[in-house]
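Peer 1: Would you mind keeping the following structure in view while I ask a few things?
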Amino acid sequence: MKPVVVPTSARSDALVFSPDSVLWKIIRENLILFNGAAAAVLQISHPRIGLGVRDHSDFRDRPIDRLTRTLDAVHGIVFGTHAEAEKVANSLRRLHAHVRGDAAAANVPGDPIYRADEIDLLMWVLATLVMSAILGYERLFGPMPLTDKQSFYEDMRIFGTYFDLPTSYGPQQWDEFERYYASVLNDPMIGSHPISKEVAWAIARPTRPWYVIPLGLPIRVLLQETLPSPVRERLGFRSTWFSRTCLAIVTGALRLIVPLLPPVLRYRPEYRRNLS
């Protein structure tokens, strides 16, 4: 796929997105990452993405490093200038250029060779980022107006152009997006392939480095409650009384605490940097 090129007139030191945008309002919050694990697992629930992550990622040995790189890329685009965002985009293109392999040998549906730049895979990755951010925000602050969801989605489509997903591809309106998202979740292929299960449980039960092992239980509790059905069940996770109680307690506490946090704890450093 040819890279999506941002118009030359837009290349400047100006910010890509407005500081008063719904996008900034949502992404600035550190704790929308509450649904981050679910987003990562939903991505690899598509077996072609799961295969790419398994074969071309160091997520087993350096899960924190991989998370940090992902967040740096997202926030570099959302809170950056056009020049900074394009720098991130070029780095992603170089990385994705090497992510390809034999899907047929792994009995993964679709073209025999998988590639990171397959447009339907890019759309699904974006969809998981959109929905996890919305759900994470609503968990803390309550339901968002439809107009805010539409505004957020429109900006996220622009965000997607920085990893070569054209704005013209896929759903254009929020209601269309919701139908698309539900249709993918209900696709029997999503979450049922052994590779997706392998990668999902490697995320849920980290074994190295040693200091991430204690994170396994909270990650599993989050996944048990934030992964949507029927993908949750296909992957082998299940909601329990324990996981529901834990999430309810934590959610209730965060709704009280987050509005009281100082900006240095509540907001992303990239957001605070642009306000200084």
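The values are calculated or read from the model by the stated rules, or taken from the named source; none is laboratory data. Only a predicted model underlies this, so the values are computations on that prediction, with no experimental measurement involved. Positions of Cβ are generated from backbone atoms using ideal geometry, with glycine treated the same way; all protein chains shown enter the neighbour counts.
Peer 1: Restrict the check to the stretch 54-66 and report whether at least one residue is aliphatic (A, V, I, L, M), surrounded by 17 or more Cβ atoms within 10 Å (Cβ to Cβ) and out of contact with any His (no Cβ under 9 Å at 6 or more places or on another chain).
Peer 2: no
Peer 1: Taking A182 and the conditions (1) buried (at least 17 other Cβ atoms within 10 Å of the Cβ); (2) hydrophobic (A, V, I, L, M, F, W, C); (3) within 18 Å of the chain's Cα centre (by Cα); (4) modelled with pLDDT of 95 or more, which numbered condition does it fall short on, given that it satisfies the others?
Peer 2: So the condition that A182 fails would be (1).
Peer 1: Could you figure out which of (1) part of a helix (DSSP H, G or I); (2) more than 22 Å from L222 (Cβ to Cβ); (3) modelled with pLDDT of 90 or more isn't true of S9?
Peer 2: So the condition that S9 fails would be (3).
Peer 1: Mind checking which helices (runs of 4 or more DSSP H) fall wholly inside the stretch 163-266 and carry at least 1 residues that are free of Cβ contacts under 8 Å to residues at least 40 places away in the same chain, aromatic (F, W, Y) and more than 30 Å from I119 (Cα to Cα)?
Peer 2: 241-257
Peer 1: Cβ-Cβ under 8 Å, sequence separation 6+ or interchain: first residue in the stretch 110-138 and part of a helix (DSSP H, G or I), partner basic (K, R). Which pairs?
Peer 2: L121/R48; L126/R157; I134/K149
Peer 1: If you take the residues in the stretch 62-104 that are free of Cβ contacts under 8 Å to residues at least 40 places away in the same chain and among the hydroxyl-bearing types (S, T, Y), which one is farthest from N274 (Cα to Cα)?
Peer 2: Only one residue tops the list, namely S91.
Peer 1: A further question follows. Can you name the condition, by its number, that P263 falls short on among (1) within 20 Å of A39 (Cβ to Cβ); (2) more than 22 Å from the chain's Cα centre (by Cα); (3) not hydrophobic (A, V, I, L, M, F, W, C)?
Peer 2: It is condition (1) that P263 fails.
Peer 1: Next question. Any chance the stretch 52-73 includes a residue that's aromatic (F, W, Y) and under 28 Å from N186 (Cβ atoms)?
Peer 2: Yes - at least one qualifying residue is present in the stretch 52-73.
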